[in-house]
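The values are calculated or read from the model by the stated rules, or taken from the named source; none is laboratory data. All values derive from a computational prediction rather than experimental measurement. Heads up, the Cβs are rebuilt from the backbone with ideal geometry, glycines too, and the neighbour counts pull from every protein chain shown.
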Amino acid sequence: MNMLKDIDSFVDNNRDKIIKFFADCIAIKSYTCQEKEMADFLLNFFKENKMPAFRTKRGSVLSIVTPKKQELEKDFGNFDSPFEAIRHHILYLKENNIKILAYNAHMDVVGEGDSKLWTTDPFSLDIREGKIYGRGTCDMKCSLVAMAQSMIFANNSDLEIKNAVLGCFVTEEEAAEGLAFEEIIVELGIEPDFVILGEPTGNKISLGQRGKVKFTIEATGKRAHSSVPEKGINAVYPLSEDLLVIDKFNQEEYRNFAEDVVKRNSVVVTKVITEPDDSSSVISFAKADVIARLAKGETFSSLIAKLSSYPTWKDLKYKVETYDKASYTGIVKDWKTEHKAWLTDRYNSFVKKLADSIENVTCQKADYTIWPFSTDGVLSASRCNIPTVGFGAGFESVCHIVDEYVDEKNFFDSLKVYTMLILG
């Protein structure tokens, strides 16, 4: 296959340059709401390679590679706003039956924790024994790098581009999945035909994920001196009843649906706060932070209904959390942290193209998975009904850990697959 030979040659001839780009990305401490340096780096990268790239109000970076370069240049000449130009170009492509893929990779990474626990500097790329180490290598700068490099190669090569690709390098996914992607697809009206999320799959195809909701449980009591507890009402006791129910419910869900993750709810308490904070008073207020992963068809309301069916469940105050932090550009928007599960049809035509590309690159049949965690697909698939899948080089089990890594071969294979999708 001549196209694959050309892609292989590109990777072989530019291996050191690609690794250098990867290392530069890892060196940037792009924590959530602190992605500016990463965004600036990407914007400069695309500019140096003579590709259009722009920053959204929230701080995400957009770029596009298209089969119709001359028409895109005309659009940029006719519109003052780059977003209007891209939107008009996408409409033009759709009118001419050219499909638009969105490559989605988030720029933010979680904190490294205690860096002394790492065997190497978490922000200095280290390659040993076929693995590439560093914070964000797995989740998910491996895909950010592979997607960006695939777009550059396709745009600058002499090979025919078959599909337009909108590169969406977004902010704040780790804290508020879907928020930054919503700005692109809904607010800017730049809607692709298909979305590939670069979240970790071990180069399998993820066809969907469970839903998610973050909520709090609050109990109110009456303060009294700890020497006369009968004079007060201890708020932690009814809260504890609910927390024990949550644990029991979670264990039952696992027993019943251990092998079918999309049918299984999982609920975990992540923090408990009590007031007053002293040892001589009856607790007058208690609050628990809870994260639930929702089975297909489940909602926050239906989850609470299931929990309340337990005889020891106390009717307390339950509230879905709202993300309202400012992006690095200063934009604030309330974002509910409740998201439904979603699944994409395995026999969708683009899923088949992705599977064929994986087989061509790896000489192995594509494998499939379902994510237990949440991604930007809560926006594209769940809310906008755009066929969405995941494909990324990292392994799910390596996300956020000390000594995070990505398999070196997986990384370069993913780059080849992303490139093949643009060209074929």
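Residue count for region 255-292, restricted to those that are without any contact (Cβ under 8 Å) to a residue 60 or more places away in the chain, in contact with a His (Cβ under 9 Å, 6 or more places away or on another chain) and part of a loop (DSSP other than H, G, I, E, B): 1. There is at least one residue in region 305-319 that is surrounded by fewer than 16 Cβ atoms within 10 Å (Cβ to Cβ), part of a helix (DSSP H, G or I) and free of Cβ contacts under 8 Å to residues at least 24 places away in the same chain. For region 159-192, a residue qualifies if it is over 17 Å from the mean Cα position of the chain (by Cα) and farther than 14 Å from Ile422 by Cβ, and the qualifying residues are Val186, Glu187, Leu188, Gly189, Ile190, Glu191.
Residues checked against (1) among the aromatic types (Phe, Trp, Tyr); (2) at pLDDT 95 or above; (3) over 16 Å from the mean Cα position of the chain (by Cα); (4) assigned by TED's automatic domain parsing to the domain that holds Phe391:
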| residue | (1), (2), (3), (4) |
| --- | --- |
| Tyr103 | yes, yes, no, yes |
| Val110 | no, yes, no, yes |
| Thr120 | no, no, yes, yes |
| Tyr133 | yes, yes, yes, yes |
| Met140 | no, yes, no, yes |
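Considering Ile233, Ile217, Ile246, the condition of being touching a residue at least 40 places away in the same chain (Cβ under 8 Å) and closer than 30 Å to Thr171 by Cα is satisfied by Ile217 alone. Within the span defined as region 164-186, every residue fails to be in the same structural domain as Ser414 (by TED's automatic domain parsing), without any contact (Cβ under 8 Å) to a residue 40 or more places away in the chain and either crowded, with 21+ Cβ neighbours inside 10 Å or over 26 Å from Val406 (Cβ atoms) (or both). Might you check whether a residue that is modelled with pLDDT under 95, exposed (fewer than 12 other Cβ atoms within 10 Å of the Cβ) and under 30 Å from Tyr368 (Cβ atoms) occurs anywhere in region 260-282? Yes, region 260-282 has at least one match. The set of residues in region 72-123 that are within 23 Å of Ile386 (Cβ to Cβ), in a helix (DSSP H, G or I) and either touching a Leu at 6+ places or on another chain (Cβ under 6 Å) or not hydrophobic (A, V, I, L, M, F, W, C) (or both) comprises Asp75, Pro82, Phe83, Glu84, Arg87, His88, His89, Tyr92, Lys94, Glu95.
Could we say that Glu252 is without any contact (Cβ under 8 Å) to a residue 40 or more places away in the chain and closer than 25 Å to Val332 by Cβ here? So Glu252 does not fit the description; no.
So that you can scan it fast, the table gives a plain yes or no per residue for (1) crowded, with 22+ Cβ neighbours inside 10 Å; (2) among the hydroxyl-bearing types (Ser, Thr, Tyr); (3) under 21 Å from Met420 (Cα atoms):
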| site | (1), (2), (3) |
| --- | --- |
| Ser349 | no, yes, yes |
| Ala355 | no, no, yes |
| Ala366 | no, no, yes |
| Ile370 | no, no, no |
| Ser374 | yes, yes, no |
| Thr388 | yes, yes, yes |
| Gly392 | yes, no, yes |
| Phe395 | no, no, no |
